Amino acid sequence: MRIGVLTGGGDCPGLNSVIQAIVLRAAHYGFEVWGIEDGYKGLIEGRARPLRKEDVKGIHFIGGTILGTSRKNPAKSEEDMAKVMENVKKLGLDALIAIGGDDTLGAALKLYQRGLPIVGVPKTIDNDLSATDYSIGFWTAVETIADALEKLHTTAKSHKRVIIAEIMGRYAGWLALMGGLAGGAHVILIPEKPLDIDEVCRVIKERDEKGEGYTLIAVAEGVKIPETGELAVAAAEKDEFGHVRLGGIAKFLEEEIKRRTGREVRSTILGYIQRGGPPSAFDRVLGVRLGTKAVDLVKERKFGYAVVLRGTEIVPVKLEDVVGRPRYVPEGLFEYTDIFQES
């Protein structure tokens, strides 16, 4: 059996762990693995290379993806979909493992519906995919955010400033919430909870009155501007999945808080650093388990499924139960957004 594997969408720590596990498990069964370069873009163009055990030795320590990635959406055109099906035949692939987020797996579902034998592996640092408790890369990103916030505490305290850190999270606030908690942010703002700037200013003033002298705010990039209900965008141009590049809510808050309180305020966007670096031990282990289970599903010819983490188990769920259903922070966790405001 010959298996193709690709990584689509944004990169994240842990992808190489999945790839290595796929190659090792496939070798155990006597299967071949071919790596598709640059996600669906490479599959449309027919670019692939064989992956042997020596090609993936030790890569599970390394961040990013050795295969490259792209935001190419094959489902956007009939021609691209036909090219994918054609190149799968040309490459002699008996199955495809697609590693990616909602967009990548959404395209995988459409390809499966066209008859392509496919298995999905959920991946997103945003942790906003339904059907899985945690997705690959999330906890590494949380550690990166926590480290950044820890450093911002010292500079904010030294200068007696309000500092706002903008954190990734287009639809859901998991990164801002968990990273903010780990990093001890005094105020955490997430898309699921409407932004109340007056309340934020109240917290800042109360901390000042108590002699704290500084406030650290963590805000998800997907938090909407109250007056307009719109997202702050860094660029209006959309990618092939219809997404604009977010960015700017922290700068908006900087100006508003400065205007309303007269305080010295600074903002910073953590940006792509959140997706970089080697995976944490958790994500390395999770990647190995997901990659191994994905090959097991191929061996069982159980296609149209994704492998996910449920509790402590890796289990298969149908692709249609994973895609198109964002996983939001539940209201029961909202109380943790201000737990450190008096600390």
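Kindly indicate whether Asn87 is assigned by TED's automatic domain parsing to the domain that holds Asn16, more than 28 Å from the chain's Cα centre (by Cα), of a type in the set (S, T, N, Q) and buried (at least 17 other Cβ atoms within 10 Å of the Cβ).
In short, yes.
Return the total of residues in the stretch 180-197 being within 26 Å of Lys210 (Cα to Cα), of a type outside the set (A, V, I, L, M, F, W, C) and in contact (Cβ under 8 Å) with a residue 40 or more places away in the chain.
3
Within the stretch 191-238, which residues are of a type outside the set (D, E, K, R) and modelled with pLDDT under 90?
Ile225, Pro226, Thr228, Gly229, Leu231, Ala232, Val233, Ala234, Ala235, Ala236
Only one of (1) surrounded by fewer than 24 Cβ atoms within 10 Å (Cβ to Cβ); (2) under 20 Å from the mean Cα position of the chain (by Cα); (3) on the phi < 0 side of the Ramachandran plot is not met by Gly64, so which one is it?
Result: Gly64 fails condition (3) only.
Which of the residues that make up the stretch 183-221 are assigned to a loop (DSSP other than H, G, I, E, B) and surrounded by fewer than 23 Cβ atoms within 10 Å (Cβ to Cβ)?
Selection gives Gly184, Glu192, Lys193, Pro194, Leu195, Asp196, Lys210, Gly211, Glu212, Gly213, Tyr214.
Give Glu86, Glu150, Glu79, Glu143 a once-over and let me know the one that is assigned to a helix (DSSP H, G or I), in contact (Cβ under 8 Å) with a residue 60 or more places away in the chain and among the charged types (D, E, K, R).
That would be Glu143, the only listed residue that is assigned to a helix (DSSP H, G or I), in contact (Cβ under 8 Å) with a residue 60 or more places away in the chain and among the charged types (D, E, K, R).
The values are calculated or read from the model by the stated rules, or taken from the named source; none is laboratory data. Model, not experiment: these values are computed from the prediction. Because the Cβ atoms are built from the backbone with ideal geometry, glycine has one as well, and the counts that use them run over all protein chains shown.
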